[in-house]
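See structure below.
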Amino acid sequence: MPLELDISHLHYSQVNKILRDYIEKGEREFILRGVNGHRYLFAGISAEIKAQLYGTPGLDLGAFMRGPEIRVFGNVQDGAGNTMDEGKIVVHGMAGDVVGYAMRGGKIHIYGDVGYRVGIHMKAYMDKVPVIIIGGKAGDFLGEYMAGGIIILLGMHSIYPERPLAGLFLGTGMHGGTIYVRGKVKESYLGLGLKPYALDGEDEKILEKHLKEYCDDFGLDLSEILKEDFIKIIPYTHRPYGKLYAY
Amino acid sequence: MGTPQFASFYPDFYIERLWEKCIKCRRCVKECSYGAHIWDEKKKTLLEDHTKCVGCHRCEAMCPTKAIIIRRHPSEFREHALWTPWFIKNIYKQADQGGVLLTSTGCALPFKNYFDHLVLDACQVTNPPIDPLREPMELRTYIGPKPEALEIEEVNGKFRLKKKLPPLIKLEVPIMFAAMSYGAISLHVHQGLARAARDLGTLYNTGEGGLHASLYEYGSNTIVQCASGRFGLHVDYLKAGVAIEIKIGQGAKPGIGGHLPGEKVTEEISKTRMIPVGSDALSPAPHHDIYSIEDLRGLIYALKEATEYKKLVFVKIAAVHNVAAIASGIVRAGADAVVIDGLKGGTGAAPTMFRDYIGIPIELAISAVDKRLREEGIRHRTSIIASGGIRSSADVVKAIALGADAVYIGTAALIAVGCTMCQRCYTGKCPWGIATNNPELIKRLPPEVAYEKIYNLVKAWAHEIKEMLGAMGINSIESLKGNRDKLRAVGLTKEEMEILEVKHAGE
Amino acid sequence: MWNLTLRAKEISGCGIAGIIHKKGELIPGEMILKAICCQYERGNGLGAGFAAYGIYPDLAEYYALHVMAQNRQALEKVEEFLQKNTFLNFQEPIPTKRVKTIKNPPLFKRYFVKPKLEEEEAEFCNLTAEDDRMVQLVMEINEKIEGAYVISSGKNMGVFKGVGFPDEIAEFFRIDEYKAFIWTAHNRFPTNTPGWWGGAHPFTILDWSIVHNGEISSYGTNRRYLELFGYKCTLLTDTEVVAYILDLLIRKHGLPLELACKAMAPPFWIEIDEMPEEERELYTALRILYGGAVLNGPFAILFAYNGGLVGLNDRVKLRPLVAASKGDLYFMASEEAAIRAICPDPEKIWAPKAGEPVIIEMEEGVIPNQKSYLKPRPVEVREDALRIGYIPPSLFSGK
Ligand code: SF4
Ligand code: SF4
C-alpha cells in the first residue's frame, strides 16, 4: 500500500524531510496530494522509490535526484529534472522551461508541450544516457549545448496548433547526443551548422525502444506515433566552437 | 604559396643556446611540449623554432648544463606609444586566424594595484607588539552565516546555549584554494591541493569539472562547485564536501562561462564531465535556471534541499561595477558566503579582452561589498571571501583589514608548484605538468611534490600573517577584520581612499 | 571648536583605581583620591577623573546629566534642547573651586531629567525605552550641539573629569565633599590630543562608567562592529568602544556579565577545544558571534554600574590589575600600592587571571534602582537577529 500524504499545508522542506524519513524507514511508494508550487520535491533523493503526485509541483522537481520514479498527474513548472542523475519523471500534462537541464541519466516523459531551453546541456557517458520524450511541442533552444543523451520530440499532443514543432535555435551548440523529431523542422530553425538527417536502422531500434516505454506510460498506440517519419539532428562536429579562437 | 601568416614572423621569445655548454643530450627536445627545440638527425645538431616558444622556461630549467637562456625576442618594432608590439601582434594573429584572442591567467595590464598602495601598521611603545613564536596567535576563522546575538540560559549554575549555531566551516588559516577544475589543472595538482588543505585545516575547491574518485576522502576539506555547465554534478558530488559553490562568474572573465578547450578533454576528463572526448567543455554564460536574483534563490535552496541543509552554499561572482548591490542581493537570496573574484583573478582559458578589461579590482570590491552589507544590517548573515590577485601574505592581511573573512588563492598556489606564468594554460600543453591532462606531461609534477610546495607556501604565509598581527598588537585574526586603523594609503586619491575607507599615510 | 570627527584616535597609558562597598555604605572621596594619587607616576597631568555612585540620593529617580560647555551659549542650547525633550526637575552649576594650575576650565552644570517618550512608548513606560531614549538624547547633544558635551548621564551617579593631575581635578571638583558607595578613578598618560576635557576618563553611558588603561589594537574592528548596531563612536577613544560594547552585550543582548567579559577577552581556541562539550559549544559560539567585540591588545578596565564594580584585563595580561578586599569593601587598582595606601591590611589581595573578570555586586536591595547583571536576560534585538537566512527555524520543527 502506498503511503498517502496531503502536503497542501506543508512547506517543501518539511515535505522532503518527511519523505526522507519514510524512505529511511523502508517506505517505497508514495502518493502526494495537494501538491501546489512545492519546490524541489525529491531533490537530491537517492533511492529506488515510486511516487504519484497530484497537482502542480513547483520549481526543480526531482533536481539532482538518483532513482525515484515520479508520476505527475498535472503540469510541472520550470526546472523539472534539473541535473537529474537517475530515475524517471512522467508528466501527464505540460512542463515549463528548462526541463532536464544538464541531465546526466534517467528519463523524463512529458505527455504535452514543454517550454524553452529543454534538455540543454544534457550529458552522457558510455551507457549512461538520459532521455527526454516530449509528446507536444517545444520552445526555443531545445537541446542547446547538448553533449550527450537523447531528446525525442513528437509534437502530437499540443495545445498550440499555431506554433511550430520546435522553436528557434534547435540544438544550437550541440556537440554530442541526438535529437529525434517526428515530422519536419525548418532548417533555418536549427542551430548554426546543424542539418536534419534521415534515420538509419540503429536509430529506428533506439527510437522504438524508448517510444514503447513512453506509450506504456500514457497508454498510447506506438504504431500511431510511428506513422510519420522522424528526422534526427546530430552534431556536425564535437567541437562546434573549435575555430572560434586565435591561438 | 599560401597566405602569409604575419603573426609567425615575429616571435615573442628567443631561445639562446650556449653552444660551448651544450652537450647535445636532447633533453630540451623532450621537455618542450610545443616543439620549439628540434633535433636535426642529418646534421646531428639542434635547431630552434622561436615562433613556438611560449616562454615557459622549462628547457632552461631542465638543461643539465644550463646551456639555454630564454629571452624576449630582441627584434624590435619602431617605437610608438600607441601601437605597441602587443597590439600589432594581436592584430596579426586575428587577421591570420579570424578568431577571438585567447589567453590564460589573470589580467596582465598594469592597472593600479591597490594592495601596493596600502601600508600596514605596527606597535611602537604605546602598546606592545606580540611575538607569535612564543605567545598565542590565532588565525582560526569561521565561514558561514551567524545570528546577531546569542541566546543563553542558565542550567545548574552553568551558562549554556539555548539554541545551537547553524553549521559553520572552521578554517585554521583564512586562506583557501580557489576553484580550479579537474581538467583545467591536472589530477596531481588537485590531489596536492586536497592534501595540503587537509593538513593546513583549510579548504580547496574542486572547480566545475567534477571530482575524481581518489579525492572523495578529502571531503571535509572540500568545496564542490556548481557552475552553469553542471559537469560531474551528481548527488554524491554535492554531498562530498562541506560547501557547494555556485559559480556565477569569475574575475578573469566576468559575463562568460567556463571554457575547457577540447585539447584538454581526455578520456578521463570525458568520463567525469560526461562529454565526448576532445569536445570543448563549455559552460554557458548564465546558469539557464538563473535569469534573475529570485532564480538564484531557487538554485541555492535546490542545493540546500538536495543536501538536507547540511552544506553551506557559497555564491561566487566576478567583481563588476555594481558588485555591492549584487552581493547584497546574493546574501538576501540565502548565500552563506559570497565569493568576490576581482579583476586580476586567474583562469585556465579566457578571451584576452575579457581577462584584461572586464571587472574591477578586488580591493575596491571588498570594501564596497563589506560596506553595503553592513549598511543593510546583513553582514553577519554571510562571509565575504575575496579572491583574484592575492600574491602574498601581506595581501591577505590587507584583504581582511578591508573587510574580507577569508581569501582564495589560485595563481599563487600554481606558481608554488612551478608555474612560470607563461599564460598558455589553454593549450593543454603546460610543460610544467600543471595545466594539462596529457599523461606524459602530468608525470612532471607528482602529487607529493604538489602537496609539499603548496603546504609550504601556506604555512609560510600563515606564519607571516601571525608576525604581522603580532606587530600590530593583535593576537587573533577577528580583531583584524575590517580594521581600517591598521591600513594607510600611499599615493591614492581622495576618492580611492573614500572607497577603501582608509586614511592617507601621515594622517 | 570641539570638532570631534577630525580628532585622531587617542593613544594613552594610565593608572586606574576603584572601590565598592557591598552593603552600599558611603565611602568618602578622599579615599579614592589617595588611591589614585599613589599612582601619580602613571599619569602625565593630561587628564584625570572620578566616577561616584550614590551621590544624588534625593534625585535618584532622575537621570543626572553632567554637562560640560565651552561657553554660555552652548549651555543655553543644551537647556533649550532639554526643555523640549525632557522633564527637567532640577538644575545647578556643578560646584568647582579655582585651582591655580588649571587654566580656563570649561563650564560645568548638572541637570536632573526624565526623557519625554513618544506616546506609544510611554504607555508601557518601561525602563529600557527610557534608557534607550536617554542614550539617544545624549548622543544627539554630543553630536549636534557645538561646544557642549554630556560627560555622564546615569541615575544617582556622576562623573568629574578634566585636564590635570588627579589631585588638581579632585580639588577643582571638590571631590572631598562627596560620598559614594562606588568610586572609580583614572590618571591619564596620553601621547596625543592634549588638553581636551571630554577626552579624560571615566567615560560613561547611562549609569555605566569605565576607566581604562591600555590601548586597544582592535579599535578599528570594534568600532565597525558597533556601527552595525547604530552606535556612533565619535570620541575616538578606546574607552568609548568598551562602553558601547558593554551596553550592547549586556543591556541589549542580555548576556550575563561574565560572558560579556569573556566575549571581550575570550579564552584561546586551544582552551576552548579542550572544554567539555556544552561549554565548548558556548564559547565557540561566543567567539564566532562576538569576534567584533573582542578587545585585542593590552588593557585593564574597571567598569561600574548602579550595583556593581567589575575589573577585567586582556587575555594575555599586558596591563596590570590587582584586587583586594576587607570586610564589605572591595578594591581594584593598577598597583597594589594604590590599595595599600587606603587599606594597609586587606584580608585578601590577589592578582586576577588574564581575561577573568572580577565581578563584585552589592548585596540585594541595598540601594535605589539597583541593577544586577549576573544572570542571562532575554535578548532585546531586532526581530530577525536570531534567524538565519529566510527560513524560520520553526518550519523545521513540525512533522
Ligand atoms: S638540454 Fe641543454 S644541453 Fe641538452 S641539448 Fe638542450 S640545450 Fe643542449
Ligand atoms: S600553469 Fe603551466 S601553462 Fe599555465 S601559465 Fe603556468 S606554466 Fe604556463
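Data table
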{"quantity": "Selection count, region C:354-370, where residues are modelled with pLDDT of 90 or more, part of a loop (DSSP other than H, G, I, E, B), more than 14 Å from every other protein chain (Cβ to nearest Cβ) and under 17 Å from C:V310 (Cα atoms)", "calculated": "4"}
{"quantity": "Scope region B:405-445; condition of a type in the set (G, A, S), under 15 Å from B:S181 (Cβ atoms) and in contact with a strand residue (DSSP E or B) (Cβ under 6 Å, 6 or more places away or on another chain); matching residues", "calculated": "B:A413, B:A435"}
{"quantity": "Which numbered condition B:C63 fails, given (1) open to solvent by 50 Å² or more (accessible area, probe 1.4 Å); (2) within 16 Å of ligand 1 (Cβ to nearest atom); (3) more than 14 Å from chain A (Cβ to nearest Cβ)", "calculated": "(1)"}
{"quantity": "Index of the failed condition, C:P320 passing every other in (1) in contact with a strand residue (DSSP E or B) (Cβ under 9 Å, 6 or more places away or on another chain); (2) at pLDDT 85 or above; (3) more than 8 Å from chain B (Cβ to nearest Cβ)", "calculated": "(2)"}
{"quantity": "Region B:392-425: number of residues that are within 19 Å of B:A350 (Cα to Cα) and within 8 Å of ligand 2 (Cβ to nearest atom)", "calculated": "9"}
{"quantity": "Residue within region C:278-288 that is under 19 Å from the mean Cα position of the chain (by Cα) and within 28 Å of C:A323 (Cα to Cα) present", "calculated": "no"}
{"quantity": "Pick from region C:295-351, criterion more than 19 Å from the chain's Cα centre (by Cα) and basic (K, R), ranking: least open to solvent (accessible area, probe 1.4 Å)", "calculated": "C:R315"}
{"quantity": "Listing of strands (runs of 3 or more DSSP E) fully contained in region B:140-223 that carry 2 or more residues being open to solvent by less than 20 Å² (accessible area, probe 1.4 Å) and modelled with pLDDT of 95 or more", "calculated": "B:141-143, B:169-171, B:175-177"}
{"quantity": "Hey, B:V125 part of a loop (DSSP other than H, G, I, E, B) and either within 14 Å of chain A (Cβ to nearest Cβ) or over 30 Å from B:E263 (Cα atoms) (or both) or not", "calculated": "yes"}
{"quantity": "Residue check, A:I134 within 8 Å of chain B (Cβ to nearest Cβ) and hydrophobic (A, V, I, L, M, F, W, C)", "calculated": "no"}
{"quantity": "Candidate set: region B:263-287, residues that are over 14 Å from A:K123 (Cα atoms) and open to solvent by 10 Å² or more (accessible area, probe 1.4 Å); chosen: the one nearest to the other protein chains (Cβ to nearest Cβ)", "calculated": "B:G278"}
{"quantity": "Residue count for region C:222-281, restricted to those that are among the charged types (D, E, K, R), within 12 Å of chain B (Cβ to nearest Cβ) and closer than 24 Å to C:G199 by Cα", "calculated": "4"}
{"quantity": "Count of residues meeting criterion [under 29 Å from B:I415 (Cβ atoms) and more than 10 Å from ligand 1 (Cβ to nearest atom)] in region B:39-57", "calculated": "9"}
{"quantity": "Members of region B:93-138 found to be within 25 Å of A:G242 (Cβ to Cβ), β-branched (V, I, T) and open to solvent by less than 50 Å² (accessible area, probe 1.4 Å), listed by number", "calculated": "B:T103, B:T105"}
{"quantity": "Residue ranges of strands (runs of 3 or more DSSP E) in region A:159-238 with at least 1 members open to solvent by 80 Å² or more (accessible area, probe 1.4 Å)", "calculated": "A:196-198"}
{"quantity": "Criterion: more than 14 Å from every other protein chain (Cβ to nearest Cβ), more than 25 Å from C:P57 (Cβ to Cβ) and open to solvent by less than 20 Å² (accessible area, probe 1.4 Å) - qualifying residue of C:A185, C:A200", "calculated": "C:A200"}
{"quantity": "Selected residue [over 19 Å from A:K212 (Cα atoms), more than 10 Å from chain B (Cβ to nearest Cβ) and either open to solvent by 30 Å² or more (accessible area, probe 1.4 Å) or touching a helix residue (DSSP H, G or I) at 6+ places or on another chain (Cβ under 6 Å) (or both)] from A:F141, A:F73", "calculated": "A:F73"}
{"quantity": "A:V98 being within 22 Å of B:V235 (Cα to Cα) and within 14 Å of another protein chain (Cβ to nearest Cβ)", "calculated": "yes"}
{"quantity": "Criterion: in contact (Cβ under 8 Å) with a residue 60 or more places away in the chain, at negative phi and within 20 Å of the chain's Cα centre (by Cα) - qualifying residue of B:G249, B:G257", "calculated": "B:G249"}
{"quantity": "The listed residue being out of contact with any helix residue (DSSP H, G or I) (no Cβ under 6 Å at 6 or more places or on another chain), more than 17 Å from B:P166 (Cα to Cα) and within 13 Å of another protein chain (Cβ to nearest Cβ), out of B:A337, B:A302, B:A325, B:A318", "calculated": "B:A302"}
{"quantity": "Counted residues, region B:433-456 - those being assigned to a loop (DSSP other than H, G, I, E, B) and crowded, with 22+ Cβ neighbours inside 10 Å", "calculated": "6"}
{"quantity": "Scope region B:74-130; condition basic (K, R) and touching a Pro at 6+ places or on another chain (Cβ under 9 Å); matching residues", "calculated": "B:K112"}
{"quantity": "Residue check, B:I434 within 12 Å of ligand 2 (Cβ to nearest atom), assigned by TED's automatic domain parsing to the domain that holds B:A365 and without any contact (Cβ under 8 Å) to a residue 12 or more places away in the chain", "calculated": "no"}
{"quantity": "Boolean, B:E20 is open to solvent by 40 Å² or more (accessible area, probe 1.4 Å), of a type in the set (D, E) and within 16 Å of ligand 1 (Cβ to nearest atom)", "calculated": "yes"}
{"quantity": "Test: B:T307 is more than 7 Å from chain A (Cβ to nearest Cβ), more than 21 Å from the chain's Cα centre (by Cα) and either under 23 Å from B:S104 (Cα atoms) or at pLDDT 90 or above (or both)", "calculated": "no"}
{"quantity": "Any hit, region C:97-105, residues being at pLDDT below 95 and under 20 Å from C:F203 (Cα atoms)", "calculated": "yes"}
{"quantity": "From the options C:I175, C:I145, C:I151, residue that is surrounded by fewer than 22 Cβ atoms within 10 Å (Cβ to Cβ) and not polar (S, T, N, Q)", "calculated": "C:I145"}
{"quantity": "Selected residue (only one of B:L402, B:L373, B:L364 is out of contact with any Cys (no Cβ under 9 Å at 6 or more places or on another chain), open to solvent by 10 Å² or more (accessible area, probe 1.4 Å) and in the same structural domain as B:R332 (by TED's automatic domain parsing))", "calculated": "B:L364"}
{"quantity": "Boolean, C:A300 is outside any helix (DSSP H, G or I), touching a Leu at 6+ places or on another chain (Cβ under 8 Å) and among the hydrophobic types (A, V, I, L, M, F, W, C)", "calculated": "yes"}
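The values are calculated or read from the model by the stated rules, or taken from the named source; none is laboratory data. None of the values given here were measured: they were computed from a predicted structure. Cβ: placed from backbone, ideal geometry, glycine included. Neighbour counts: every protein chain shown. For accessibility, only protein heavy atoms count, side chains too; no ligands or nucleic acids. Shrake-Rupley method; radii C 1.70, N 1.55, O 1.52, S 1.80 Å.
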